[in-house]
Amino acid sequence: ELTYPFHDRDIVVTACGRLCLHRKKINISTVLAGQKLGIKEVDEGIWLVSFMHYDLGYFDLEQKTLQPLDNPFGQKPVTDVSVATAAP
């Protein structure tokens, strides 16, 4: 079972893809419905959302939507092999 010991609390995403916090409904994603996320308040009303070992993004209680971070699974920069030297 997932736990987030370095976060303020663990919270489960609802079937409709939301977190309920302080009587506010924050839209996350239906893809994560039923999954436990870790949330940590990093500033007044600004929360970091994590799933497993990945930080997904931030939400604030006014906007009530997740602002995603860069894709942790995104493409990596390609090493320029044109400058490689040939073996003797």
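Laboratory data are not the source of any read-out in this text; all were calculated from the coordinates shown. All values derive from a computational prediction rather than experimental measurement. Counting neighbours? That spans all protein chains shown, and the Cβs are built from the backbone with ideal geometry, glycine included.
Results, tabulated for the structure shown:
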read-out: Cα gyration tensor, segment 9-68 - rounded (a/c under 1.5), prolate or oblate; value: oblate
read-out: Fewest-first ranking of 13, 49, using other Cβ atoms within 10 Å as the exposure measure; value: 13, 49
read-out: Residue 66 long-range amide H proximity, modeled H, under 5 Å; value: 27
read-out: Estimated vicinal HN-Hα couplings, Hz - segment 41-53 in sequence order (Karplus 6.51, -1.76, 1.60; Gly, Pro = x); value: 6, 9, 7, 4, x, 10, 10, 8, 10, 10, 10, 6, 9
read-out: Kirkwood-based shape ratio for segment 1-41, expressed as Rg/Rh from alpha carbons; value: 0.96
